[in-house]
Amino acid sequence: MLNQILANSCFEIFTTQENHPFCLDLLNLCKEFRKAKDISKLRACIAVLCGLIQFQGDVRKKVLSQLLMLLCHSFPVIRKTTASQMYEMLLTYDDVIELEVLDDVMTLLSDTNWEGDLSTVRTQRNQLCDWLGVPRPQAVTKVS
């Protein structure tokens, strides 16, 4: 439902204000769902993150960072879904990334086998990070 509300510009009043608290609250909710193992919840989270890209300020970089992390999710179907929805998002919101890298980003998103080997996918994701100006996610080592 939240995805539909975002897609239909119901929160358009917030899109003109940088770093509006409402947008940050929605982003924080998505961060929690990102840890879920339920594929339908993860897909819903991806859709909401793509809708949040319309908001200005730091929230946009944070949303991109979350989406880029999902491109290396342990579930191949989530990686593929994220790439597909990011592609559609970039078609819908043309002010998200620099025009100089748009074609390269779109080609990489569409041509990569996101369901393939995770090490290969990670290399592609890192290239996207570089083009989008988002820091590459670092692997977290668990301390026991």
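The values are calculated or read from the model by the stated rules, or taken from the named source; none is laboratory data. As the structure is a prediction and not an experimental result, all values here were calculated from the model. Using ideal geometry, Cβ is built from the backbone for each residue, glycine included, and neighbour counts are taken over all protein chains shown. To get the accessible areas, we keep the full protein, side chains included, count just its heavy atoms, and leave off ligands, DNA and RNA. Shrake-Rupley method; radii C 1.70, N 1.55, O 1.52, S 1.80 Å.
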Open item on the list: Conditions first: (1) over 27 Å from Lys41 (Cβ atoms); (2) in a helix (DSSP H, G or I). Leu91 passes all but one, so which condition is the exception?
Closed with: (1)
TODO: Considering each residue of segment 28-47, count those that are over 12 Å from Thr81 (Cβ atoms) and crowded, with 20+ Cβ neighbours inside 10 Å, and give that number.
DONE: 1
Task: In segment 111-123, residue farthest from His73 (Cα to Cα) [restricted to those that are open to solvent by 50 Å² or more (accessible area, probe 1.4 Å) and either without any contact (Cβ under 8 Å) to a residue 24 or more places away in the chain or not in a helix (DSSP H, G or I) (or both)] - done: Asp111
- [ ] Could you tell me which numbered condition Thr81 fails, if it satisfies all but one of (1) open to solvent by less than 70 Å² (accessible area, probe 1.4 Å); (2) in contact (Cβ under 8 Å) with a residue 60 or more places away in the chain?
- [x] (2)
- [ ] Just one of (1) in a helix (DSSP H, G or I); (2) of a type outside the set (Phe, Trp, Tyr); (3) surrounded by 13 or more Cβ atoms within 10 Å (Cβ to Cβ) trips up Val96, so point out which.
- [x] (1)
